[in-house]
Amino acid sequence: MKKLISSVLVLMLVLGLVACGGNSAGSEDSEASAEPSAITVGVVQTNANESDWRTANTKSFNEAFSAAGYETKMVFGEGDHAKQISQAQQLIQEEVDYLVVLGLQSAGWEDVAKSAQEAGIPFIMADRKLDLSEDLYTAMVCSDFEAEGKKAVDWLKAQAIDDCKIVVLGGDTGSSAQLGRSKAIEDGASANGWDIVFNQNMKGWDETLAKQAVADLIASGKEFNVVYAENDNMARGACDAMDAAGITYGKDGDVTVIAFDANKWALEKVLAGEFNLDVECNPLHGPRIVKLINSLEAGETVEKNAYVDEEMFDCDTITQAIVDARTY
Ligand code: AHR
């Protein structure tokens, strides 16, 4: 009997050790198989409610980063370049894994880029290229804004409008989007003998400011026959002002309307003949940045300067199917 009890005790002891060992192995396995901590991406965004384009852009980051399992730390400069700089430095202090910057201003990012580099944090530009030498950033996924503007200029030239008198409604002064689009129309006017009768940048790409500027211009008696609005919201503001003054515009109107962004609602206006042309600026950067980060995580070489493919939409050729297929 004693032998039996001692055998049972020995067996229980052995089983206990195995179980513990299994646990420790399990714990080693669990340590080995522990989910890697989520990648944290710091996003220095411009303004939360800047434009319908910006809303789609922010949504794209949040949806794509969430689907990828990233932790997102998004901050908004709200029109204040210095605030963006300090926000970016703060994210570096918080040791985000990646820093994605959409600059209110193109200039003034060198110190942030150097801080990120010293901290070993990849610095990625999205949307708007910044004035940085290639050694100071990891990659760029941006729009070529001057090319967008040149598309509009070439289209306007093809319209062969007599005595072009152009109203330019610019975006935030000093942003690469404003600089590129404004350079294109200014160079185009010089090359084609067009007259820019008004050329002002609207703080925050603001639709109401654009509407008021055009209303004041009409009230002053200044004649114009082209509106070159550097985003859809400002083009809509200009059209509201022309409506109030009984000025016709669009496909069969006295004033030709050129817009940028190609939001779905704006393409409905192109289809209706209210906007003559809308040049796409694609905001869906979220998936592009996820692809970039995944490549970097895999140790792959990534393209340094990637420009987004963009098209333009003309009231004479757009279709309902094209509008229906738009995703923002
Ligand atoms: O940087 C892209 C520009 O910023 C868009 O054209 C405008 O709508 C946005 O606010």
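The values are calculated or read from the model by the stated rules, or taken from the named source; none is laboratory data. None of these values were measured; they are calculated from a predicted model. In this analysis, Cβ positions are derived from the backbone assuming ideal geometry, glycine residues included, and neighbour counts consider all displayed protein chains. Keep in mind that these areas ignore ligands, DNA and RNA; they rest on the heavy atoms of the full protein, side chains included. Shrake-Rupley method; radii C 1.70, N 1.55, O 1.52, S 1.80 Å.
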For GLN159 and ALA82, what does the FRET efficiency come to when R0 = 41 Å and r is the distance between their Cβ atoms, rounded to the nearest 0.05? 0.45
Note on the range 117-198: the mean projected area of its alpha-carbon convex hull, in nm², is 6.4
Given the Cα atoms of the range 227-328, and with Rh set as the inverse mean 1/r over their pairs in the Kirkwood sense, what is Rg to Rh to two decimals? 1.14
Along the charge dipole of the range 53-163, pointing to its positive end and built from +1/-1 on Cβ of Lys, Arg, Asp and Glu, which listed residue (SER115, GLN84, THR58) has its Cα farthest out? THR58
At SER295 and ASP195, where each label point lies 7 Å from the Cα along Cα→Cβ, what is the point-to-point distance in nanometres? 4.9
Amide H to amide H under 5 Å from ASN201: which residues, 5+ apart in sequence or cross-chain, H placed 1.01 Å off N in plane? GLY170
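Between ASP135 and ALA245, what is 0.36 nm times their sequence separation minus the Cα-Cα distance? Round to one decimal in nm.
Using 0.36 nm per residue and subtracting the Cα-Cα distance, I get 34.4 nm.
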Flagged as over-length at 32 Å C-alpha distance, from LYS83/LYS211; LYS151/LYS211; LYS59/LYS150; LYS83/LYS151, the pairs are LYS83/LYS151
Total formal charge among the other residues, if their Cβ is under 10 angstrom from that of GLU50, Lys/Arg +1 and Asp/Glu -1: -3
Given 0.36 nm per residue, what is the gain on full extension from LYS264 to THR317 after removing their alpha carbon distance, in nm? 17.5 nm
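Given a Förster radius of 30 Å and the C-beta distance between THR40 and ASP309 as r, what FRET efficiency does 1/(1 + (r/R0)^6) yield to the nearest 0.05?
Once rounded, the FRET efficiency stands at 0.55.
When only C-alpha pairs under 8 Å and at least 6 residues apart count, what is the relative contact order of the chain, in percent?
15
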Interchain or sequence-distant (5+) residues whose placed amide H lies within less than 5 Å of the amide H of MET312 are GLU280
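So if I place +1 on the C-beta of Lys and Arg and -1 on the C-beta of Asp and Glu, and nothing else carries charge, what would the dipole magnitude of the range 177-328 be about its Cα centre? I want it in debye, nearest 20. Could the numbers behind the result be given before it?
On the way: 13 positive and 27 negative charges, 71 e Å.
Computed charge dipole of the range 177-328: roughly 340 debye.
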Mind putting a number on the dipole of the chain about its Cα centre? Charges go on the C-beta only, +1 for Lys and Arg and -1 for Asp and Glu, and I need it in Debye to the nearest 20. 1020
Under a crude label model (7 Å from the Cα following the beta-carbon direction), how far is GLU95 from ALA147 in nanometres? 3.9
Set Lys and Arg Cβ to +1 and Asp and Glu Cβ to -1, take the dipole of the chain about its Cα centre, and tell me which of ALA325, ILE196, PHE275 lies farthest positive. ALA325
Scoring the range 24-165 by relative contact order with C-alpha pairs under 8 Å, at least six apart, yields a percentage of 20
Whats the longest run of the chain with zero trypsin sites (Lys or Arg not before Pro) that are DSSP loop and have at most 14 other Cβ atoms within 10 Å? 1-221
Among beta bridges that DSSP assigns inside the chain, antiparallel share in %, nearest 5: 5
What number comes out for accessible area per residue over the chain if the probe is 1.4 Å? Units Å², please. 46
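Taking the Cα centre as origin and putting +1 on Lys and Arg beta-carbons and -1 on Asp and Glu beta-carbons, what dipole magnitude results for the range 266-328, to the nearest 20 debye? Write down the numbers at each step before the final one.
Details: 5 positive and 13 negative charges, 59 e Å.
Here the size comes out at about 280 debye.
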